[in-house]
Structure formats: structure tokens, C-alpha cells
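The values are calculated or read from the model by the stated rules, or taken from the named source; none is laboratory data. Computed from a prediction, not measured in an experiment: that's the story for all the values here. Counting neighbours? That spans all protein chains shown, and the Cβs are built from the backbone with ideal geometry, glycine included. The accessibility values were calculated without ligands, DNA or RNA, using every heavy atom of the protein model including side chains. Shrake-Rupley method; radii C 1.70, N 1.55, O 1.52, S 1.80 Å.
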Amino acid sequence: DSGVTQTPKHLITATGQRVTLRCSPRSGDLSVYWYQQSLDQGLQFLIQYYNGEERAKGNILERFSAQQFPDLHSELNLSSLELGDSALYFCASSGTGHMDTEAFFGQGTRLTVV
Amino acid sequence: GENVEQHPSTLSVQEGDSAVIKCTYSDSASNYFPWYKQELGKRPQLIIDIRSNVGEKKDQRIAVTLNKTAKHFSLHITETQPEDSAVYFCAAGSGAGSYQLTFGKGTKLSVIP
């Protein structure tokens, strides 16, 4: 157990819908990272938050948004879902705002859009 | 931005042989290079990492080498065992303040008993 909790584990939804994925980082970790993993794209960095503020943005679509709350948990919101959004979404956390400390991954949320 | 290329995409070795996975990166400012192992259906887990001020690091059967001039780094697994079968990801990270890891597309390693 990495200490990073993601909910739900599985999510099936229809095209056009909106979903929210949740991540609770390890106790004390200030940084949260979101990644998307699909079969043909590997692990794609989406966005990073540090202590409530957006720190870095990667290949995140405009239909997607995220936030980190005062208790440091984070949510990834995916809207106007398309079939191609089906993927495994991972959250990772680390202790500081710098990734040169080990990042711990959650078990992921498998999103299936039908 | 950073681009990380990883080769090969699949690798099969006989149990007991060595396995080598290579990555190249594009951003000369990158200074942190971790390797993650992902077993089927599980989360990626860090197995070893190296920073730019070190050329080689070893942990039991696993070693990583870094060549900053050539911008490439490699993972070496010796005396492979069936439980080494997994997908391995390399990554490169850089920056102070705003920091992100860019991952390679992964190498599926199969160790044949």
C-alpha cells in the first residue's frame, strides 16, 4: 500500500457525461500529480498541484480540470467525455514541490466511456 | 518540453540472463531519472533512481547508468527472475519550483523460466 488513495477504482459512464476522480495523497505530502495511462500513449502527465496551487500543466485537455483542496486531497474533473478518454487515471504524491523525491502512485481509477 | 524515448518496447529474456532497457531524453536541464516497475493491474512503483551528479547507481540486481553528455540512461537487471516480468518505465524530471516527470512509453519485460 503506497498510502495514496484513489476513488473510485472503476467507473463506467456514457459519452457526453462528466465524472470526478478523487485522490488522497500520502500523509504529509504536499504535491499531487495526475497521469493518464492508455494503451497507446503510455503514462501522460496531466497536471501537478502543490499545497493547493497549480504548479505545472502537461497534456491536459480543456475538458479536464483539477483542483487541490485545503486538506490536500485532489479531484480531477472530466467533462463532455469521449470514447477516447477511456483510460487508467493515476494520482501520485510526493513530499515537496520537486519531483526529485520519490513519487508514490495510487492504484488508479479505470474509466470506461461507452 | 521534455521528450523521453524508451527502447525496446518489448523484451524477452531467459531466466538468469541480463536485461537492458535504454532511454534518451531531450531536455539538458533534466536532473532526476527514476525507473518505475508496473506489474499487471497494479500501480507503478519506484525501483531505482539516479540524479545528474552521479554516473551509476546499483541496488542488488538492478543498476542504472547515466550519460548526461549523450542524454541517455539505462536500466540493467542481472540474473533475471520470473518475478521481474512487468512493464518498466523510465522518466526524466527537471526544474525547481515547477517540476514534472516525463515518462517513456514503457518496456514490457518477459522473463522465460
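Quick check on my filter: what residues within region B:7-18 are more than 13 Å from chain A (Cβ to nearest Cβ) and in a loop (DSSP other than H, G, I, E, B)?
Residues satisfying the conditions are B:Pro8, B:Glu15, B:Gly16, B:Asp17, B:Ser18.
Yes/no per residue for (1) acidic (Asp, Glu); (2) within 10 Å of chain A (Cβ to nearest Cβ); (3) touching a strand residue (DSSP E or B) at 6+ places or on another chain (Cβ under 8 Å):
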position	(1), (2), (3)
B:Gly41	no, yes, no
B:Ile48	no, no, yes
B:Asn53	no, no, no
B:Ser110	no, no, yes
B:Pro113	no, no, no
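Step by step: first the residues of region B:1-29, then only those that are of a type in the set (A, V, I, L, M) and under 14 Å from the mean Cα position of the chain (by Cα), then the one that is modelled with the lowest pLDDT. Which residue is that?
Result: B:Val4.
Inside region A:52-66, can you point out the residues that are open to solvent by 60 Å² or more (accessible area, probe 1.4 Å) and not acidic (Asp, Glu)?
Correct list: A:Arg55, A:Lys57, A:Asn59, A:Leu61.
Please determine whether any residue of region A:98-109 is exposed (fewer than 14 other Cβ atoms within 10 Å of the Cβ) and touching a residue at least 40 places away in the same chain (Cβ under 8 Å).
No: region A:98-109 contains no residue that is exposed (fewer than 14 other Cβ atoms within 10 Å of the Cβ) and touching a residue at least 40 places away in the same chain (Cβ under 8 Å).
Report, ordered by the first and then the second residue, all pairs with beta carbons closer than 6 Å, sequence separation of six or more or different chains, a first member in region B:4-26 that is closer than 18 Å to B:Leu66 by Cα, and a second member that is assigned to a loop (DSSP other than H, G, I, E, B) and among the basic types (Lys, Arg).
Pairs that qualify, where the first residue is closer than 18 Å to B:Leu66 by Cα and the partner is assigned to a loop (DSSP other than H, G, I, E, B) and among the basic types (Lys, Arg), are B:Gln6/B:Lys105; B:Thr24/B:Lys71; B:Tyr25/B:Lys71.
How many residues does region B:72-108 hold that are assigned to a loop (DSSP other than H, G, I, E, B), surrounded by 16 or more Cβ atoms within 10 Å (Cβ to Cβ) and in contact with a strand residue (DSSP E or B) (Cβ under 7 Å, 6 or more places away or on another chain)?
6
Can you list the strands (runs of 3 or more DSSP E) lying wholly within chain A that have 3 or more residues being more than 13 Å from chain B (Cβ to nearest Cβ), in contact with a strand residue (DSSP E or B) (Cβ under 9 Å, 6 or more places away or on another chain) and polar (S, T, N, Q)?
Per the criteria, A:64-68.
Does region B:19-27 contain any residue that is assigned to a loop (DSSP other than H, G, I, E, B) and over 23 Å from A:Tyr35 (Cα atoms)?
No, that holds for no residue.
I'm checking my understanding of the structure. Among residues of region B:30-48 that are more than 18 Å from B:Thr102 (Cβ to Cβ) and modelled with pLDDT under 90, which one is surrounded by the most Cβ atoms within 10 Å (Cβ to Cβ)?
B:Lys42
Quick check, is B:Val4 open to solvent by less than 40 Å² (accessible area, probe 1.4 Å) and away from every other protein chain (no Cβ under 14 Å)?
For B:Val4, the condition - open to solvent by less than 40 Å² (accessible area, probe 1.4 Å) and away from every other protein chain (no Cβ under 14 Å) - is not met.
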